[in-house]
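Input: a single structure, listed below in structure tokens.
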Amino acid sequence: MNLHEYQGRELFARFGIPVLPGQVAGSPEEARDIAASLDGTVVIKAQVLVGGRGKAGGVKLAHTPDEAFEKARDILALTIKGLPVRKVLVARAAEITRELYLAIVLDRAKKLPLIMLSAEGGVEIEQVARETPEKVIRRHIPLEGLRAYQARALFQPLLKDGRLVAQAADVLLKLWNVYRDGDCSLAEVNP
């Protein structure tokens with residue numbers, strides 16, 4: 001089963017992965033009301049089950065509720081890779097200083113979960129893996145599961161700062177819980 005981003009956010013929150021406040025809207029009016037309740041810059045994101053939403057114009061920032069109305073109206077009029085946009089996620093915008101890609105996916109050949117981590121977050125990871133595979137760290141999760149020291153060791157070369165490494169490792173451990181307990185074949189955070 002594929003989940004829309006807003007559904008994935010709900011699942012992440014249940015497992016303690018931090019997510020910024022937001023709600024789904026089916027109309028520009030709802031988007032304006034949600035933006036007003038969030039009081040600040042929001043991101044409006046098309047909710048369709050395909051990648052490349054940003055490149056297709058399906059992800060936009062709005063600084064005011066009226067701007068959220070306009071952006072939601074434009075996004076709800078889109079069809080992205082053959083799928084009409086019927087809902088948008090309106091969420092508080094994050095102040096992004098650095099993007100990472102993190103996923104746990106089933107490696108069918110090895111019959112083990114595989115962690116994929118890259119400093120190239122926010123872009124199409126498939127393209128990064130194909131063109132510059134050295135930029136994607138891959139580690140299998142052993143049968144006994146993922147340990148905190150293993151999670152920290154993965155992030156140490158990328159983040160160096162002990163506090164950031166600990167935070168990122170905590171997210172990875174919680175993502176592992178989502179993957180394992182949610183019976184997922186893929187769980188990812190990008191960016």
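The values are calculated or read from the model by the stated rules, or taken from the named source; none is laboratory data. Please read all numbers here as calculations on a predicted model, not as lab measurements. Every residue, glycine among them, receives a Cβ derived from its backbone with ideal geometry; neighbour counts consider all protein chains shown. What goes into the accessible areas is simple: the full protein's heavy atoms, side chains included, and nothing from ligands, DNA or RNA. Shrake-Rupley method; radii C 1.70, N 1.55, O 1.52, S 1.80 Å.
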Exercise for the section: May I ask you to verify whether L158 is open to solvent by 30 Å² or more (accessible area, probe 1.4 Å), modelled with pLDDT under 95 and in a helix (DSSP H, G or I)? Expected result: yes
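Output the residues belonging to segment 113-149 that are open to solvent by 50 Å² or more (accessible area, probe 1.4 Å) and either part of a helix (DSSP H, G or I) or among the hydroxyl-bearing types (S, T, Y) (or both).
Applying the first criterion (open to solvent by 50 Å² or more (accessible area, probe 1.4 Å)) to segment 113-149 yields 120, 123-124, 126-127, 130-131, 133-135, 138-140, 143-144, 147, 149.
Within segment 113-149, E126, Q127, R130, E131, P133, E134, K135, Y149 meet the criteria.
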Practice task
Tell me, please, whether a residue that is open to solvent by 30 Å² or more (accessible area, probe 1.4 Å), under 23 Å from A13 (Cα atoms) and acidic (D, E) can be found in segment 168-178.
Solution key: yes
Fill in the blank from the handout: Of the residues in segment 1-58, those that are free of Cβ contacts under 8 Å to residues at least 12 places away in the same chain, closer than 21 Å to T79 by Cβ and of a type in the set (G, A, S) come to G54
Exercise for the section: State which residue pairs qualify: first residue touching a residue at least 40 places away in the same chain (Cβ under 8 Å) and within 13 Å of E134 (Cβ to Cβ) and inside segment 104-121, second residue open to solvent by 30 Å² or more (accessible area, probe 1.4 Å) and not in a strand (DSSP E or B) in any location, beta carbons under 8 Å apart, and separation of 6 or more residues or different chains. Expected result: L117/L100; L117/L158
Handout entry: Filtered residue count, segment 132-169, keeping only those that are free of Cβ contacts under 8 Å to residues at least 12 places away in the same chain and closer than 21 Å to I17 by Cα
Key = 11
